[in-house]
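Step one of this worksheet: look at the structure below.
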Amino acid sequence: MSPFRISGLIDHEEALDQALVALLEANPALRPLYEIGGKPPLRKRAPGFKGLAGIIVSQQVSTASAAAIWKRVENRFPALDIGDILASDDAALQACGLSRPKIRTLRAIAEAVDSGQLDFNRLGTGSIEDAFQSLVAVKGIGPWTADLYLLFCLGHADALPAGDLALQEAAKMGFDLSQRPSAQALTELAEAWRPWRGVAAKLLWAYYGAMKRRIGEPS
């Protein structure tokens, strides 16, 4: 296995282990959170349309609901490529549990891929900034969705979904802030974590889950 590069990808367990060591050495303030949350899971998704569709499906619903909807989607469309979305009517997609906004977003992505506007292969070879801009250029894909794709599907070590409420709550608890930070405030706080902001996000999610379990709330 090739050695981990600081500017490389977090796409396997060894890379995550080494990135965590580097992150914690550079940012000792994160160590107490790591000691509570432990090593975060890699949670790697396959890149491409199916991986991005999975992120879209999981938005604004509980983990259990997202899993149930995704199971119905996979049962109906085992391969789940853009052809499935372009060829299906809304009724078939709604029967899987997809909302109208999510159907519109999936269609917009499928059409962008079909027209050549969005090229998943190029997303994995260019810079993180270019990949982000290519994603948010598609109607329905916001910064949070784009950053999740960059982090979990492409494994970019520095992708930070700063709009994620769980990350904001984790920062509030972990750093004893008076209020939950906004996306902008979390972005500013995370400057010290470069070039491992995505690794820090994984650590914060693990810490958030552990803290919620401590107080008996679902994470």
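The values are calculated or read from the model by the stated rules, or taken from the named source; none is laboratory data. Predicted model only: the values in this text are computed from it and were never measured. Here Cβ is always computed from backbone atoms with ideal geometry, including for glycine, and neighbour counts include all displayed protein chains.
Structure notes:
- V61 fulfils the conditions (1) closer than 25 Å to G155 by Cα; (2) assigned to a helix (DSSP H, G or I) except for a single criterion, (2).
- Any hit, segment 84-102, residues being under 20 Å from D147 (Cα atoms) and out of contact with any strand residue (DSSP E or B) (no Cβ under 6 Å at 6 or more places or on another chain): yes
- Number of the condition not met by L80 [criteria: (1) aliphatic (A, V, I, L, M); (2) assigned to a helix (DSSP H, G or I); (3) farther than 30 Å from I215 by Cβ]: (2)
- A single member of G140, G174, G198 is in the same structural domain as A22 (by TED's automatic domain parsing), at pLDDT 95 or above, buried (at least 16 other Cβ atoms within 10 Å of the Cβ) and out of contact with any strand residue (DSSP E or B) (no Cβ under 7 Å at 6 or more places or on another chain), and it is G174.
- Which numbered condition G37 fails, given (1) crowded, with 19+ Cβ neighbours inside 10 Å; (2) without any contact (Cβ under 8 Å) to a residue 60 or more places away in the chain: (2)
- Subset of segment 106-135 (residues that are surrounded by fewer than 16 Cβ atoms within 10 Å (Cβ to Cβ) and either outside any helix (DSSP H, G or I) or of a type outside the set (S, T, N, Q) (or both)): D114, G116, Q117, D119, R122, T125, G126, S127, E129, D130
- Candidates L80, L86 - the one that is farther than 24 Å from H12 by Cα and touching a Lys or Arg at 6+ places or on another chain (Cβ under 6 Å): L80
- Selection status of P101, free of Cβ contacts under 8 Å to residues at least 60 places away in the same chain and either surrounded by 16 or more Cβ atoms within 10 Å (Cβ to Cβ) or part of a loop (DSSP other than H, G, I, E, B) (or both): no
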